[in-house]
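Have a look at the structure below before the remarks.
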Amino acid sequence: MTVTYSSKVANATFFGFHQLLLRWKGSIYKLLYREFILFALLYTVLSVVYRIVLSEDQKRLFEKLSMYCDKYAEQIPVTFVLGFYVTLVVNRWWNQFVNLPWPDRLMFHISSCVQGKDEYGRLLRRTLVRYVNLTSLLIFRSVSTAVCKRFPTMDHVVEAGFMTPEERKVFENVRSPHLKYWIPVVWFSNLASKARQEGRIQDSIDLQNILNEMNRFRTWCATLFGYNWVGVPLVYTQVVTLAVYTFFFACLIGRQFLDHTRGYQGHDLDLYVPVFTLLQFFFYCGWLKVAEQLINPFGDDDDDFEANWIIDRNLQVSLLAVDEMHMNMPHMTKDIYWNDCDARPPYTLAAADYCIPSFLGSTTDMGSEIKFSEKFYQHDKFFFNVSSSLSDILQFDDTDVSHDHQRQQDYTLPRRQESVKCLLLSFFNLKLISGKKEVSIKTAESRKISTCENVNKGVDLERYYLLNSLIMRP
């Protein structure tokens, strides 16, 4: 009966948790209201007895006892003991959740590796996953009170379809004083080996992968059984419980409001209602209730694991995966990004703010802190030298432009232009920047040069056009 409230706290807002304080199911109020009412009632009774029933001499004796309890109650290390205990219990609770048995990995392997669409192949795959689910069911019956109520005997297990009558006879004929959840694991391993010998599993590596996943699944089941077998040491639980209850028993007497006319230290006001003592009881006993609820997550508490739902889900999806979905694939078609090298799924208007640029490292923006003149000094110097000599490289003598050499010029000039352009662009590794968005150069000439597609950040459009004009000049 897990209480889920993740959608209520998806975003941090002003007083975002206040709406959770009004919930009843799974709340601290539901766990603690009985103890809280009892504590407040006992405190009220003692207060009335002190103020009305006791005589003056008896009041003086009670006041001494109250100050004594208040002084020495603080020496009980409630916070220290309770904090370590709750941390230990929460870690155990989370580890048990992490080790819940899920058959997904196994059913994927069985569906893909156990071949055959005939009736025997179908029977083989369904039997394998049924043994997997039977293993987890036997474990849940031994650790979860909710599952044990649902399947109190093996007759209910057979009636639910997890085991056949013949399998039950074999199961009961195995004489062992221990929990026999491992018997379906043996059946699974033998049946998988038989499928390999019959050629239904075509490769020994596939058989090894299936058996490895079954061992992983068995490890999860054994881990849950181990947590159920070896709990938090009883002495630790007793120490924590006694520390909390003893502390608040002392508070019943020590936190009474005494006669302020007597001049006792710390008793200048008579408020009748011990607000902070009640808050302290609420927090400390609530902390203890958290540990009490989480120490065994397979019970009937609001935040315990839904073991029955896990059984239903695992059986349904595993049979579906190995039977109806076995080799049942949709027809392959080209995706919408078939000819698009820059695949970008669209955003709705409500999700437009989530479209952000890629993270390129924390040092990406450090270059913007350097002055432009210092950063590009060497580039400018090189650009000046190359620009001054570019004309000489591309210039032809007048004698080369004669009628006899016209064909040679038409052939040589484009090759020189392309070579020099590739040399310049490869050195600069140019990339145009338009505002904050990068724009790739898509001219016909740059597309021909694979090494000259990018343009360095910071090189402006004017510089590139100047280079291009010098290169393309006849």
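The table that follows gives values for the structure above.
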{"item": "Tally of residues being of a type in the set (Ser, Thr, Tyr) and either in contact with a Cys (Cβ under 8 Å, 6 or more places away or on another chain) or surrounded by 11 or more Cβ atoms within 10 Å (Cβ to Cβ) (or both) across the stretch 258-304", "result": "3"}
{"item": "Members of the stretch 18-58 found to be open to solvent by 70 Å² or more (accessible area, probe 1.4 Å), without any contact (Cβ under 8 Å) to a residue 60 or more places away in the chain and within 25 Å of Asp301 (Cβ to Cβ), listed by number", "result": "His18, Gln19, Leu21, Leu22, Arg23, Trp24, Tyr29, Tyr33, Arg34, Ile37, Leu38"}
{"item": "Tally, over the stretch 86-108, of residues that are under 17 Å from the mean Cα position of the chain (by Cα) and in a helix (DSSP H, G or I)", "result": "8"}
{"item": "Members of the stretch 267-282 that are at negative phi, assigned to a loop (DSSP other than H, G, I, E, B) and in contact with a Phe, Trp or Tyr (Cβ under 8 Å, 6 or more places away or on another chain)", "result": "His267, Leu269, Asp270, Leu271, Pro274"}
{"item": "Filter pass, Val235 being closer than 17 Å to Arg92 by Cβ, in contact (Cβ under 8 Å) with a residue 24 or more places away in the chain and assigned to a helix (DSSP H, G or I)", "result": "no"}
{"item": "Candidate set from the stretch 318-364 (those that are surrounded by 10 or more Cβ atoms within 10 Å (Cβ to Cβ) and not in a loop (DSSP other than H, G, I, E, B)); member that is modelled with the lowest pLDDT", "result": "Thr364"}
{"item": "Residue selected from the stretch 211-232 under the condition in a helix (DSSP H, G or I) and more than 26 Å from the chain's Cα centre (by Cα), by the criterion nearest to Tyr43 (Cα to Cα)", "result": "Trp229"}
{"item": "Pairs where the first residue, in the stretch 238-254, is within 14 Å of Phe36 (Cα to Cα) and outside any helix (DSSP H, G or I) and the second is open to solvent by 20 Å² or more (accessible area, probe 1.4 Å) and aromatic (Phe, Trp, Tyr), C-beta under 9 Å, 6+ apart", "result": "none"}
{"item": "Condition met for Cys221 (closer than 30 Å to Leu106 by Cα, in contact with a helix residue (DSSP H, G or I) (Cβ under 6 Å, 6 or more places away or on another chain), surrounded by 18 or more Cβ atoms within 10 Å (Cβ to Cβ) and touching a residue at least 60 places away in the same chain (Cβ under 8 Å))", "result": "yes"}
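The values are calculated or read from the model by the stated rules, or taken from the named source; none is laboratory data. Just so you know, these numbers come straight off a predicted model, no measurement behind them. Counting neighbours? That spans all protein chains shown, and the Cβs are built from the backbone with ideal geometry, glycine included. Quick note on the areas: whole protein, heavy atoms, side chains included, nothing else; ligands and nucleic acids left out. Shrake-Rupley method; radii C 1.70, N 1.55, O 1.52, S 1.80 Å.
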